[in-house]
Amino acid sequence: MNTPVCNVHGTAIVLGTTGLLITGPSGLGKSALALSCVSEVTRRGRFAALVADDRVDLTLEHGRIVARCPAAIRGLIEVRGSGIVKVGTVSACVLDWAIMPVKEPFNPRLPPKEELRLEVGRNLPLLRLPIDGPLSPVDALIALLASARYRKNRPEIESMV
């Protein structure tokens with residue numbers, strides 16, 4: 001295993017074959033979003049799993065960012081208000097996107113240009129994901145990734161759900 005490029009505050013999940021790093025400040029709902037997405041995608045009959053919650057080790061391997069969980073917290077995730085619970089995980093995933101949950105009011109309504117990428121050894125595309133609204137987070141994520149795929153010609157959305 002390569003030496004970590006960095007250890008970041010966030011949550012890493014894999015939905016289908018798409019690796020996501022959920023990022024943002026404490027209390028934003030990263031763990032809840034991860035649990036919601038993993039549960040919903042699993043209910044839809046597709047593969048989904050947690051990689052790491054709260055802290056994520058990132059390495060750069062063959063030009064791709066790989067997420068792993070620090071050993072001390074492997075298999076653990078916070079359910080806010082209830083405590084830390086044990087869940088099944090996968091040991092690693094290649095990250096395709098960084099996701100930042102956003103709550104209403106959406107201010108600014110559109111992300112600033114400098115927020116479109118997260119620098120973690122190399123650029124990782126960043127998407128804002130509304131978590132308050134009529135769409136489930138997975139449905140909103142599917143729409144955002146489909147739009148990004150057409151803009152960037154990235155086909156991984158089909159492997160997610």
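The values are calculated or read from the model by the stated rules, or taken from the named source; none is laboratory data. Nothing here was measured: the structure is a model prediction, and the numbers come from that model. Cβ atoms come from the backbone with ideal geometry, glycine included; neighbour counts cover every protein chain shown. For the accessible areas, the whole protein counts, side chains as well, though only heavy atoms, and no ligand, DNA or RNA atoms are used. Shrake-Rupley method; radii C 1.70, N 1.55, O 1.52, S 1.80 Å.
When the residues of segment 132-154 are narrowed to those that are assigned to a loop (DSSP other than H, G, I, E, B) and more than 15 Å from VAL41 (Cβ to Cβ), which ends up modelled with the lowest pLDDT?
So, considering only residues that are assigned to a loop (DSSP other than H, G, I, E, B) and more than 15 Å from VAL41 (Cβ to Cβ), the one modelled with the lowest pLDDT is ARG154.
Restrict the check to segment 79-93 and report whether at least one residue is open to solvent by less than 20 Å² (accessible area, probe 1.4 Å), of a type outside the set (Asp, Glu) and touching a helix residue (DSSP H, G or I) at 6+ places or on another chain (Cβ under 9 Å).
If we filter segment 79-93 for residues that are open to solvent by less than 20 Å² (accessible area, probe 1.4 Å), which is where we start, we get 93.
Going one step further and asking which of them are of a type outside the set (Asp, Glu), we end up with 93.
Next, from what is left, pick out any that are touching a helix residue (DSSP H, G or I) at 6+ places or on another chain (Cβ under 9 Å): none.
Looking for residues that are open to solvent by less than 20 Å² (accessible area, probe 1.4 Å), of a type outside the set (Asp, Glu) and touching a helix residue (DSSP H, G or I) at 6+ places or on another chain (Cβ under 9 Å), one finds none in segment 79-93, hence no.
If I ask for residues that are at pLDDT 95 or above and in a strand (DSSP E or B), which ones from segment 69-93 would you list?
ALA92, CYS93
Can you pull out the residues in segment 128-138 that are within 10 Å of ILE99 (Cα to Cα) and open to solvent by less than 20 Å² (accessible area, probe 1.4 Å)?
If the condition is that a residue be within 10 Å of ILE99 (Cα to Cα) and open to solvent by less than 20 Å² (accessible area, probe 1.4 Å), then LEU129 is the only one that fits.
Working only within segment 5-40, note down all residues that are in a strand (DSSP E or B) and surrounded by fewer than 23 Cβ atoms within 10 Å (Cβ to Cβ).
CYS6, ASN7, VAL8, HIS9
Go over the candidates VAL38, VAL51, VAL5 one by one and state the one that is farther than 24 Å from GLY81 by Cβ and either of a type in the set (Val, Ile, Thr) or within 10 Å of the chain's Cα centre (by Cα) (or both).
Step by step, each of VAL38, VAL51, VAL5 is checked, and only VAL5 is farther than 24 Å from GLY81 by Cβ and either of a type in the set (Val, Ile, Thr) or within 10 Å of the chain's Cα centre (by Cα) (or both).
Examine segment 36-44 for a residue that is touching a residue at least 12 places away in the same chain (Cβ under 8 Å), in contact with a Cys (Cβ under 8 Å, 6 or more places away or on another chain) and of a type outside the set (Val, Ile, Thr), and state whether such a residue exists.
No: zero hits.
Could you pull out the residue among ARG68, ARG55, ARG43 that is buried (at least 18 other Cβ atoms within 10 Å of the Cβ) and of a type in the set (D, E, K, R)?
ARG68
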